[in-house]
Amino acid sequence: GQIGLGFPVLDTKITDKALRDIIQGLPAYCLQVQGDIDKVHTRFNNTYAQLKARGEDVSDKEALLFNTYAQVPDKDYRDYMKRQKDDYYDNAGDMKNAIYLTIMKKAAGKYNTMKQDATHTWGGPSEEDQKVIALEALLDKNLKLTKDLQAKLKAKDNNNNDGQSNEGGGGGKTKTKNKKNTSNKTRQEEDEAWKKVAPKDGEPKSKQVGKKTWNWCMHHQAWCIHKSNECKLGKKQQEKQTKIANSATTDDPTPAPATTINPTYAAMLAQIAAQCE
């Protein structure tokens, strides 16, 4: 009687949907298990096997897997799998004519290698992230010092003004400060405003203004007489960057490779140097 009512067919459709929901929820499951690729692959294989046993299939398995690997909480691993994804869609390298099993083999191999690497903290910040964190901490420290210095200078200025107003009190006269003529300063600021205007992409980094040749300095973020590779500030920034990199790797006996300073870091350090001058 139940067959006539269609219950077994209904049960099959419900089960198929539940299995599909499980396999489509693989990216969320990857987050839940903190990027444990072994667990992710076990869930995928078990669910997919049940679907195939019921005469069902999963379309675009490769895209599902790449979306899942993108949820792994380790930047170096995500970057690696992103390159594999690019190769897959370009049909190049090891991903040429690859199927979902090839992708899973690559993903598992990289996962096991990185987990066994004693120099790599799984899920920790990448080397680039560590530099950004160190620079942000340095910038916050300098900003705090600048604010404290401004507060002290303001308090000192107020004390000086109070002392001047009380001088010569016997004569009943109050000294007033003469206002400075700021017209020359304003004109100078207007004349030099162009020095802060960076050259656009494709424009030369050197130009003639008056009788002088001016060069765009990436460290000062301004037009200067010197060139970027001659800039003393740039050398100071390089020294600071080296100290930061060394302090970030004091627990690692292996010396860090020399790196070229990132322009973004250079701009941040230039701001710090400008505040400290």
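Scanning segment 211-247 for residues that are open to solvent by 50 Å² or more (accessible area, probe 1.4 Å) and small (G, A, S) yields one hit, S247. Can Q208 be described as at pLDDT 65 or above and surrounded by 15 or more Cβ atoms within 10 Å (Cβ to Cβ)? So Q208 does not fit the description; no. Selection of segment 54-71 for residues being free of Cβ contacts under 8 Å to residues at least 12 places away in the same chain, among the small types (G, A, S) and farther than 11 Å from D16 by Cα yields S59, A63. When segment 188-202 is filtered for residues that are out of contact with any strand residue (DSSP E or B) (no Cβ under 6 Å at 6 or more places or on another chain) and surrounded by 10 or more Cβ atoms within 10 Å (Cβ to Cβ), the ones remaining, listed by number, are Q188, E189, E192, W194, V197, A198.
Could you tell me whether L153 is at pLDDT 65 or above, open to solvent by 90 Å² or more (accessible area, probe 1.4 Å) and at negative phi?
So L153 passes the test.
Do you know which residues across segment 12-40 are assigned to a helix (DSSP H, G or I), open to solvent by 20 Å² or more (accessible area, probe 1.4 Å) and of a type outside the set (D, E, K, R)? Once the filter is applied, which keeps residues that are assigned to a helix (DSSP H, G or I), open to solvent by 20 Å² or more (accessible area, probe 1.4 Å) and of a type outside the set (D, E, K, R), segment 12-40 yields T12, I14, T15, A18, I22, Q24, P27, A28, Y29, L31, Q32.
For segment 50-81, how many residues meet the condition of being assigned to a helix (DSSP H, G or I) and loosely packed, with under 13 Cβ neighbours inside 10 Å?
Selection size over segment 50-81: 3.
The values are calculated or read from the model by the stated rules, or taken from the named source; none is laboratory data. Quick caveat: nothing in here was measured; it's all calculated off a predicted structure. All Cβ positions, glycine included, derive from the backbone under ideal geometry; neighbour counts span all protein chains shown. We work out accessible area using only protein heavy atoms, side chains counted, and drop any ligands, DNA or RNA first. Shrake-Rupley method; radii C 1.70, N 1.55, O 1.52, S 1.80 Å.
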